[in-house]
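Enquirer: Next up is a structure, given as structure tokens.
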Amino acid sequence: MSRSCCKAIYFNVVAFGVVLTTLSLYVYYGSTVASCKTTISDVEKPVMEKPIVEKPIVLVWFTPFGITFDFNDCGKYFNITSCTLTYDKSLYNQSSAVIIFHKDIHGNLMNLPKEPRPPFQKWIWYHVESPTNTGKVPGLENLFNLTLNYRRDADITVRTELMTKNYISREDFVLPPKTKLLCWIVSNTVQATGTAIRERYYHELSQHIKVDIFGSGFTANRLPYEAYFSSIASCKFYLSFENSIHRDYITEKVNGPLKLNGPLAVGTVPVVLGPPRKNYEDFVPGDSLVHVNDFPDAKSLAEFLKRLDADDNAYRRYFQWREHFSAHRHPVTDNHKYLKAICTACDYSGRNRDYRVIPNLHKWYFG
Ligand SMILES: *[C@@H]1O[C@H](CO)[C@@H](O)[C@H](O)[C@H]1NC(C)=O
Ligand SMILES: *[C@@H]1O[C@H](CO)[C@@H](O)[C@H](O)[C@H]1NC(C)=O
Ligand SMILES: *[C@@H]1O[C@H](CO)[C@@H](O)[C@H](O)[C@H]1NC(C)=O
């Protein structure tokens, strides 16, 4: 009897739904279910119990990158539903962790939480820039309990997986037609005037070999997604130069641009400048790339690339890794990546409740 009550009203709601707005439908349907439940519980036991499990609250103190995320997306994209993320600062006292985005911290620390920290609460230092591009903020050394960073020795590491092992079958790989030897996508601000290591290396290299630059005149991250990949695919080699050299600082993100994974995914050999070769090989097969450190100077590198240009068999050896691995174009945006970091941190702090302090953040990060 109570069932048919629910059904009848439900159908009414569906009929009304055609003319109702989504919001009022939700409200109407919600109250309908509630009133039916009362009827059910009079007669029989309630069908559904309210979940008793308390999810830990994780407070996101700033809006990192100025983006307001919809935290329901943690479940939608990453299957993370073990915790509750919020921007609501009034939940500070109940929050088991607070994610604090480094770039938004004032030099005087005045915009950090001021109220006493509950004994169970952990502060998470969230940062994605390399140490070279990071301002040291005095007073942060002994504040945090967890680090959220690209480094593999961070408490919570966020990286995009560059490759997967081909366990089942190898994909047929067809080398895309090549119209250029060596390319670089770089923003105009970096290209001409930079004095950083990658600009210096580029200038020397360009004395000995032609480098096709595209993306100039506008920032590289405005190159449309598809144009970006087809441009890289048309080059035999691509300069995957990091802006600074640090352990694990091997960028793989889509924009900025997608330095290492882009060429690997489309069938172009990355020429990398960054941490030592060994560190790259923690992430990708060693025979998939050319490392500038393998050569005494830019001139020798240029000569090597020209030799490979003339020797197709030698060039094709750089794609042998494809018999065991696949590289994927990551259809992710920066926003997606930042959200993933926050969701991952939330999940982590829900599962790891142990006491933890970082004795000296600066020593850990800046060495
Ligand atoms: C989502 O996570 C739960 C456990 O947290 C797991 O049981 C389920 O299989 C996962 N679903 C997917 C699609 O990965
Ligand atoms: C949090 O708790 C402190 C006492 O430890 C209290 O002074 C403060 O008002 C509380 N803040 C909020 C936002 O509830
Ligand atoms: C978090 O770190 C602070 C500062 O080092 C420390 O005082 C606090 O006890 C730590 N809390 C937890 C839960 O680890």
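The values are calculated or read from the model by the stated rules, or taken from the named source; none is laboratory data. Nothing here was measured: the structure is a model prediction, and the numbers come from that model. We place every Cβ from the backbone using ideal geometry, glycine too, and count neighbours over all the protein chains shown. Only protein heavy atoms, including side chains, enter the accessible area calculation; ligands, DNA and RNA are left aside. Shrake-Rupley method; radii C 1.70, N 1.55, O 1.52, S 1.80 Å.
Enquirer: So, in the stretch 74-95, of the ones that are within 16 Å of ligand 1 (Cβ to nearest atom) and β-branched (Val, Ile, Thr), which residue ends up nearest to PHE120 (Cα to Cα)?
Expert: Filtering the stretch 74-95 for residues that are within 16 Å of ligand 1 (Cβ to nearest atom) and β-branched (Val, Ile, Thr), the one nearest to PHE120 (Cα to Cα) comes out as THR84.
Enquirer: Going through VAL53, VAL158 one at a time, which residue ends up being more than 16 Å from ligand 3 (Cβ to nearest atom), modelled with pLDDT under 95, among the aliphatic types (A, V, I, L, M) and within 30 Å of TYR280 (Cα to Cα)?
Expert: VAL158
Enquirer: Let me ask you something else. Considering (1) assigned to a loop (DSSP other than H, G, I, E, B); (2) touching a helix residue (DSSP H, G or I) at 6+ places or on another chain (Cβ under 7 Å), say which one ARG353 fails and leave the rest.
Expert: The single condition ARG353 does not satisfy is (2).
Enquirer: Specify which of the listed residues (ILE105, ILE80, ILE57, ILE100) is of a type in the set (Val, Ile, Thr), open to solvent by 20 Å² or more (accessible area, probe 1.4 Å) and away from ligand 2 (no atom under 16 Å from the Cβ).
Expert: Result: ILE80 is the single residue among ILE105, ILE80, ILE57, ILE100 that is of a type in the set (Val, Ile, Thr), open to solvent by 20 Å² or more (accessible area, probe 1.4 Å) and away from ligand 2 (no atom under 16 Å from the Cβ).
Enquirer: Follow-up question, since we're still on this one. Among all residue pairs at least 6 apart or on different chains, which show Cβ distances below 7 Å where the first residue, located in the stretch 129-144, is under 22 Å from SER244 (Cβ atoms) and touching a residue at least 60 places away in the same chain (Cβ under 8 Å) and the second is within 11 Å of ligand 3 (Cβ to nearest atom) and open to solvent by less than 40 Å² (accessible area, probe 1.4 Å)?
Expert: Close Cβ pairs (under 7 Å, with a partner that is within 11 Å of ligand 3 (Cβ to nearest atom) and open to solvent by less than 40 Å² (accessible area, probe 1.4 Å)) amount to LEU140/LEU361; GLU141/LEU361.
Enquirer: Which members of the stretch 346-355 meet the condition of being away from ligand 1 (no atom under 16 Å from the Cβ) and surrounded by 12 or more Cβ atoms within 10 Å (Cβ to Cβ)?
Expert: Listed by number, the list holds a single entry, ARG353.
Enquirer: Hey, ARG152 hits all of (1) open to solvent by 60 Å² or more (accessible area, probe 1.4 Å); (2) within 16 Å of ligand 1 (Cβ to nearest atom); (3) part of a loop (DSSP other than H, G, I, E, B); (4) under 30 Å from TYR280 (Cα atoms) but one; which does it fall short on?
Expert: For ARG152, the exception is condition (2).
Enquirer: Follow-up. Residues of the stretch 281-322 being part of a helix (DSSP H, G or I), open to solvent by 80 Å² or more (accessible area, probe 1.4 Å) and at pLDDT 95 or above, which ones?
Expert: ASN293, LYS299, GLU303, LYS306, ARG307, ALA310, ASN313, ARG316, ARG317
Enquirer: What pairs come out if I take residues in the stretch 81-102 that are outside the structural domain of THR68 (by TED's automatic domain parsing) and farther than 19 Å from ASN145 by Cβ and pair them with residues that are among the basic types (Lys, Arg) and within 16 Å of ligand 3 (Cβ to nearest atom) whose C-beta lies under 7 Å away, six or more apart or interchain?
Expert: Qualifying pairs under 7 Å: none.
Enquirer: Among residues belonging to the stretch 104-144 that are among the basic types (Lys, Arg) and in contact with a strand residue (DSSP E or B) (Cβ under 9 Å, 6 or more places away or on another chain), point out the one that is farthest from ligand 1 (Cβ to nearest atom).
Expert: Within the stretch 104-144, the match that is farthest from ligand 1 (Cβ to nearest atom) is ARG117.
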